[in-house]
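Each remark here refers to the structure printed beneath this line.
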Amino acid sequence: MNTGTLSTLTIDAQHMPEQDPAACPEVYSPSQTATSADIANDSSLFTQGYWQISALKTSQLAAIHAHIDNKTKPQGALGQLEDLARQLAQIQQGTSHSATKIQINKPVMLVFAGDHGIARNGISIAPPEVTQQMVLNFLNGGAAINCFCRTLGWNMKVIDAGILQPITPSSDSQSSDMLIEQRIGHGTADFACQPAMKEAQAEQALALGAKVAAEHIAQGSNVLAFGEMGIGNTSSASALLSLICGLSPERTTGKGTGINDEQLAKKVQLICDALERVNKTHGTKAFTPKIALTEVGGFEIAQIVGAMLATAAAGKSILVDGFIVSVAALIAVRIAPRAQEYMLFAHCSAEHAHQQVLAQLDARPLLSLGLRLGEGTGAALALPLLQAAASFYNDMATFESANVTV
Ligand SMILES: Cc1cc2ncn([C@H]3O[C@H](COP(=O)(O)O)[C@@H](O)[C@H]3O)c2cc1C
Ligand SMILES: O=C(O)c1cccnc1
C-alpha cells in the first residue's frame, strides 16, 4: 500500500451525534465484516481478480525521492505536495519509462446521480424530486460544481445512474453533451424495509460505471474525479459504512444536508432497522461489498465503485471527493485493495463520519475547508494542488542546475 501520503486521522468526538444506547438494538456483529476470503468467493465483478489492478512499481521509487530531494528547497519543505508528487509520479511510471515528468491530461469530473427510496422518510432537508432538479441545474451550468469545473479547467459529465425520472435534456448541445444516461432503475427501494436493489442491478452498476471511466480514459484523461448527487445518499453511505466496517449507526450517521436533531434520530433508527433486516436475511454470513451494495447501496454509489476500479485497472489517478464518494472508494478498496494506490483524497468533509472512512483507509486528505456539499466540489478544488505538485516536480531547478549549495 502507498503509505507515503497516508496517515491515521482521529475522530472528532465533538461532532458525534448524541448516543442513545436503546436506539439501536444489538443487530450487528462486527464478526460479520467480510474477510478477503469471503470477498474472493463472491461473484465476478465483485472479485479482485476481475479487475486486474497492478501494484505501483517500486523500482523507480528511490529515483523519484532523489528527484524531489534535489530540488532547490530544504528536504520535505513542500510537505504533502511532495507526497502527492511522489504518488502521481509512481502512478504514471506504469505508462512511461521516464521518472521525470508528471502529466495532468484532460482531467474529467464524473458526477453520478441516483435516487434513494429511503429519502421518502424525510431524512434530508429536501424531497427526492430535488435530485432531478439539481441534475437539470448541472446541465444548465448553475451548480457549485459547474462553477468550480469552469474556473479550474475540469471537463464535467453528469451520469444518470437511476434518478426517479429520466431527464429530457434541452436541445442546447452543451447540456446534451454533458449528460450520460445509464439508468439502473427509477431510484432504489427503501432499504429500511427491503433490499435497495437486486444483485443483478448491483453488478450492472459496477459494469456501467467501469464503462464510462474506460471511455474517458480512452479519450486521454489520466485524472478522473468522482462526484455524486442523490437526495438521501448520506443515509445510504452511512448504512454501507456500518455494514462494511461493523460500526454502529450512531457512529456512521450525521446531518447530511443539515437536518434537525429529530430527523437525525429518525435517520439513525431507519439505518438500525435496515441492519436488523439485513441480519435476518443473511444470518451469520459476512457482509461482502456485494451484499452491502445490494441491501443498502445506491445506483450512483455502485457506479462510482465500478468506475474507480476501472480507473485503477487502467493505471490512472482517482480523485476522491467527500463522504459519499469516500464510502464508494472504501468499497472499491475492499473489493480490490490495490485500487487505493491510485486514490488521492481531496478533502475532509464536515459530515463527521467522513473521518471514520478516512481512518478506515488510513488516508490523509489534501484540504479541510468545512465543505459538506458533495457533487465533487472538494475534488474539483484539489486540481490546482495536483497541478502545483506536477509543476514543481517537472520544472523546479535542482541544486546543481541553479548553482545553489547547501
Ligand atoms: C439543493 C441541494 C444541492 C445539493 N448538492 C449536493 N447535495 C448533497 O446532498 C445530498 C445528500 O444529503 P442528504 O442525505 O441529507 O440528502 C446529495 O445529493 C449530495 O450530493 C445537495 C443537496 C441539496 C438539497
Ligand atoms: O461530504 C459529502 O460528500 C456530503 C456531505 C453532506 C451532504 N452531501 C455530501
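Please report the net charge: other residues with Cβ closer than 15 Å to the Cβ of Gly297, K and R +1, D and E -1. Overall, the nearby charge balance is -4. A simple rule links phi to the HN-Hα coupling: the Karplus curve 6.51 cos²θ - 1.76 cosθ + 1.60 with θ = phi - 60°, which for the stretch 272-289 gives 4, 4, 5, 5, 5, 4, 5, 4, 5, 5, 9, x, 8, 4, 5, 8, 6, x Hz, with x for Gly and Pro. Of all aspartates and glutamates in the structure, the ones whose alpha carbon falls short of 14 Å from that of Lys73, not counting any fewer than 8 places away in one chain, are Glu82, Asp395, Glu400. The aspartates and glutamates within cross-link reach of Lys267, meaning a Cα-to-Cα straight distance under 18 Å and a gap of 8 or more places when in the same chain, are Glu18, Asp20, Glu26, Asp115, Asp190, Glu250, Glu276, Glu295, Glu351. For the stretch 120-136, putting each phi into the Karplus relation 6.51 cos²θ - 1.76 cosθ + 1.60 with θ = phi - 60° gives couplings of 5, 8, x, 9, 10, 6, 10, x, x, 4, 5, 4, 5, 4, 6, 4, 5 Hz, in residue order, rounded to whole numbers and with x for Gly and Pro.
Relative to the longest principal axis of the Cα atoms of the chain, helix 323-335 runs at roughly 80 degrees.
Spin-label model, Ala359 to Lys280: label points 7 Å out along the Cα-to-beta-carbon direction sit 3.2 nm apart. Fewest neighbouring Cβ atoms within 10 Å first, the residues Met197, Met396 line up as Met396, Met197. Close amide-amide hydrogen proximity is noted between His347 and Leu366, Leu367, each under 5 Å apart and 5 or more residues distant or on a separate chain (H modeled in the peptide plane; Pro and chain starts excluded). Fewest-first ordering of Phe323, Phe287, Phe112 by other beta carbons within 10 Å of each residue's beta carbon gives Phe287, Phe323, Phe112. Using the Cβ-Cβ distance between Glu199 and His65 with R0 set to 41 Å, the FRET efficiency from 1/(1 + (r/R0)^6) comes to roughly 0.35. Ranked for footprinting exposure by Cβ neighbours inside 10 Å, fewest first, Ile167, Ile291, Ile64 give Ile167, Ile64, Ile291.
Extension gain, Thr58-Ala402: 0.36 nm per intervening residue step, less the Cα-Cα distance, totals 120.9 nm. Could you please report the charge total around Thr252, scoring K, R as +1 and D, E as -1 over all other residues with beta-carbon less than 13 angstrom from its beta-carbon? Result for the local shell: +1. Applying a threshold of 20 Å to the alpha-carbon distances of Lys255/Lys285; Lys106/Lys211; Lys211/Lys316; Lys198/Lys285; Lys198/Lys290 flags Lys255/Lys285 as lying beyond it. Each Lys or Arg adds one and each Asp or Glu takes one away; over the other residues whose Cβ falls under 12 Å from the Cβ of Ala113, this sums to -4.
Would you mind finding the longest exposed-site-free stretch of the chain, with exposed GluC sites (Glu not before Pro) meaning DSSP loop and at most 14 other Cβ atoms within 10 Å?
27-406
With θ taken as phi - 60° and the Karplus curve 6.51 cos²θ - 1.76 cosθ + 1.60 applied, the whole-hertz 3J(HN,Hα) list for the stretch 142-149 is x, 8, 3, 5, 5, 4, 5, 5 Hz, x standing for glycine and proline.
Here, each number is a calculation from the coordinates, and none is a lab measurement. Please read these numbers as outputs of a predicted model, since none were measured by experiment. Quick reminder, even Gly has a Cβ in these numbers, built from the backbone with ideal geometry, and neighbours come from all protein chains shown.
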